[in-house]
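So the structure is just underneath, and the comments pick up after that.
The values are calculated or read from the model by the stated rules, or taken from the named source; none is laboratory data. All values reported here derive from a predicted model rather than from experimental measurement. Note that each Cβ is placed from the backbone with ideal geometry, even for glycine, and that neighbours are counted across all protein chains shown.
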Amino acid sequence: MKILAILGASGHGRVIADAALSSGLWQLIQFYDDAYPTLQCNGRFPVVGDSAALAASGLPTVVAIGDNVRRLEKQQWLQQAGLPIATVCHPSAVIACDVVLGDGCVVLAGAVINSGAQLGKACIINSRAVVEHDCELADAVHLSPAASLGGGCRLGTAVWVGIGAAVRHLITLEEFSIVGAGAAVVKPVLTRQIVAGVPAQLIKMNK
């Protein structure tokens, strides 16, 4: 029986668990969380240990932490401990045959990733999000549900694009920038800028 370990006993973790089981690649899910042993279950799934126990388990693992920087840090720590890092794709996601997915990416139900797109490590392409052709995403990017990138966009490390936001083709979002829910991005977003609105405008800096 193939077991997938998920670090982070959260709602997002349960969504990843569902995608993993639906894919048929894994038959059993085990959650690990640093709130263990106080936290014993995540919905119908057991929480069986903390990060240290996971590092000693040898199991293929995906990190289910929403915070982009923490997710990448935890994944790097687990890789240094020798754990294999899994990539999880829901069977309803549409992923072109030449797409590159880095270790630890999750692609959830109804997402579309088109030809020539390249994703770094630990990216989240959430439900119904769209990554158009030839986009390049660095490590730990999160596209929230129904967010869309036009063709040829460039996203830096740990960029977060909010629910339902749209980014025009050929736009660059620099590292640690955030796009608010429902925004329409029509010009580049610089490092650590937080933008929102239609069209998207700077509202503050991401510290």
Being crowded, with 19+ Cβ neighbours inside 10 Å and among the charged types (D, E, K, R) is the filter here; which residues of the range 28-46 pass it?
D33
Looking only at the range 108-138, count every residue that is in contact (Cβ under 8 Å) with a residue 40 or more places away in the chain and within 15 Å of P91 (Cα to Cα) and tell me the total.
3
Under the condition of being surrounded by 14 or more Cβ atoms within 10 Å (Cβ to Cβ) and aliphatic (A, V, I, L, M), which residue from the range 187-207 is farthest from the chain's Cα centre (by Cα)?
A200
Residue among Q75, Q80 that is within 28 Å of Q118 (Cα to Cα) and within 18 Å of the chain's Cα centre (by Cα):
Q75
Go through the range 1-50 and give me each residue that's in a helix (DSSP H, G or I) and either closer than 20 Å to T87 by Cβ or among the charged types (D, E, K, R) (or both).
H12, G13, R14, V15, I16, A17, D18, A19, A20, L21, S22, S23
What are the residues in the range 150-184 that are outside any loop (DSSP other than H, G, I, E, B) and either out of contact with any Lys or Arg (no Cβ under 9 Å at 6 or more places or on another chain) or within 21 Å of K207 (Cα to Cα) (or both), if any?
R154, L155, W160, V161, A166, V167, T172, L173, I178, V179
Contact list, first residue from the range 170-193 and in the same structural domain as R154 (by TED's automatic domain parsing) and under 13 Å from L149 (Cα atoms), second anywhere and of a type in the set (G, A, S) and in a strand (DSSP E or B), beta-carbon distance below 6 Å, six or more apart or interchain, is A183/A196; A184/A166
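Here is a list: A19, A5, A9. Which entry is in contact (Cβ under 8 Å) with a residue 12 or more places away in the chain and in contact with an Asp or Glu (Cβ under 8 Å, 6 or more places away or on another chain)?
Details: A19 fails: in contact with an Asp or Glu (Cβ under 8 Å, 6 or more places away or on another chain); A5 fails: in contact with an Asp or Glu (Cβ under 8 Å, 6 or more places away or on another chain).
Going through A19, A5, A9 in turn, the sole match is A9.
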In the range 54-85, how many are of a type in the set (A, V, I, L, M), without any contact (Cβ under 8 Å) to a residue 40 or more places away in the chain, surrounded by 13 or more Cβ atoms within 10 Å (Cβ to Cβ) and part of a helix (DSSP H, G or I)?
1
